[in-house]
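Only one structure is covered here, and it is reproduced in the block below.
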């Protein structure tokens with residue numbers, strides 16, 4: 001049962017500068033996310049709204065004036081030039097359940113369409129609700145729609161991605177977006193640590209993504225900052241010690257290098273292109289001195305494969 005608490009608030013701004021490697025600005029219509037994914041780095045956002053890490057998924061602050069702010073701020077964004085990229089969203093899901101009621105993401109997108117925003121509008125979500133706005137995506141000059149897919153196993157996705165759309169439904173949604181003729185990508189983030197021991201499962205995931213018609217993916221190692229590991233181990237408390245150890249070991253260099261090598265091989269096998277040309281790895285939150293961990297990625301290169 002979803003016990004998420006919702007609270008409407010007034011925000012001071014909505015189009016925010018980003019330090020992401022391929023987004024100049026981000027738009028987060030909500031603070032918090034009812035999907036409550038156990039591995040989510042964005043759970044750190046609770047400190048800005050007086051919510052503890054353990055409550056991630058149980059609250060959503062709705063930026064009730066988000067659409068009005070977007071209308072007031074978009075001209076400044078347009079003035080930055082057509083090379084600018086805006087991402088919905090970096091620390092929330094723009095199509096979580098609250099969007100069905102509040103329609104903030106859709107309202108902001110309508111302004112982008114009305115203003116004929118010339119830059120790229122990026123979307124990243126775990127929700128099938130994204131297909132509701134296909135009409136707006138088609139009306140934008142440049143759009144890029146991404147779906148986060150971390151597994152093909154609905155049991156695993158339900159366990160780690162508590163209230164998000166099921167893995168199989170996300171794959172169908174990605175196919176629907178491709179059938180609509182939209183540019184798409186899959187975000188394999190985080191790269192689940194147990195894949196290092198079960199390569200067949202990672203192969204299944206890449207094959208399923210390719211079958212949707214999507215040809216581009218981002219891949220990101222799991223962020224095992226202490227505050228995230230604490231939440232994960234809480235979810236894993238009934239699991240055997242060896243399962244817990246897989247997640248604890250996920251921060252080790254050897255573990256990441258093995259996964260990165262596996263990714264390189266499977267990209268070639270399934271005809272997929274890795275965006276940024278690298279598997280993303282984020283710095284630990286403790287090294288960021290209070291900064292948003294999403295703004296300071298480090299990267300480990302996927303090795304080029306030799307052709308025999």
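Relative contact order for the chain: what percent, with Cα pairs under 8 Å and sequence separation of 6 or more?
Once normalised by length, the contact order is 16 percent.
Multiplying the sequence separation of residue 142 and residue 211 by 0.36 nm and subtracting their Cα-Cα distance, what value in nm do you get?
Net length gain for the segment: 22.4 nm.
Given the rule -39500 (n - 2.57) for each run of at least 4 DSSP H residues, summed and divided by the residues of the chain, what is its mean residue ellipticity at 222 nm, to the nearest 500 deg cm²/dmol?
After summing the helix terms and dividing by the residues of the chain, the value is -10000 deg cm²/dmol.
Given a Förster distance of 30 angstrom, what is the FRET efficiency for residue 49 paired with residue 239, based on the Cβ-Cβ distance and rounded to 0.05?
The computed FRET efficiency comes out at 0.45.
Hey, could you grab the Kirkwood Rh for region 228-282? Inverse mean 1/r over distinct alpha carbon pairs, Å, one decimal.
13.2 Å is the Kirkwood radius here.
Suppose R0 equals 25 Å; then what is the FRET efficiency for residue 257 and residue 198 from their Cβ-Cβ distance, rounded to the nearest 0.05?
0.90
Of 257, 161, how do they rank once you tally other Cβ atoms within 10 Å and put the fewest first?
Ranked by crowding around the Cβ, least crowded first: 257, 161.
Given contacts defined as C-alpha pairs under 8 Å and at least six residues apart, what's the relative contact order of region 110-178, whole-number percent?
34 percent
Just want the ordering: 147, 3, from fewest to most Cβ atoms lying within 10 Å of their own Cβ.
Arranged by neighbour count, lowest to highest, 147, 3 become 3, 147.
Just need the relative contact order of region 4-149 here, percent rounded to a whole number, with Cα pairs under 8 Å and 6+ apart.
The value is 25 percent.
Once the piece of chain linking residue 132 and residue 115 is laid out straight, how much longer is it, given 0.36 nm per residue of separation minus the C-alpha distance between them?
The span from residue 132 to residue 115 would gain 4.1 nm if fully extended.
Neighbouring Cβ atoms within 10 Å as the yardstick, rank 43, 166, 157 fewest first.
Ranked by crowding around the Cβ, least crowded first: 166, 157, 43.
Once percent of Cα pairs over 26 Å apart is worked out from the coordinates, which option in (i) 44; (ii) 41; (iii) 57 does it equal?
Read-out taken from this structure: (i).
Roughly what % antiparallel, to the nearest 5, for the DSSP beta bridges in region 5-301?
So the antiparallel bridges in region 5-301 amount to around 25 percent.
Modelling each spin label as a point 7 Å along the Cα-to-Cβ direction, I'd like the residue 79/residue 17 distance in nm, to one decimal.
1.5 nm
We did not get these values from a lab; they are worked out from the coordinates using the rules stated. Please read these numbers as outputs of a predicted model, since none were measured by experiment. With ideal geometry, Cβ positions are generated from the backbone for all residues, glycine too; neighbour counts draw on all protein chains shown.
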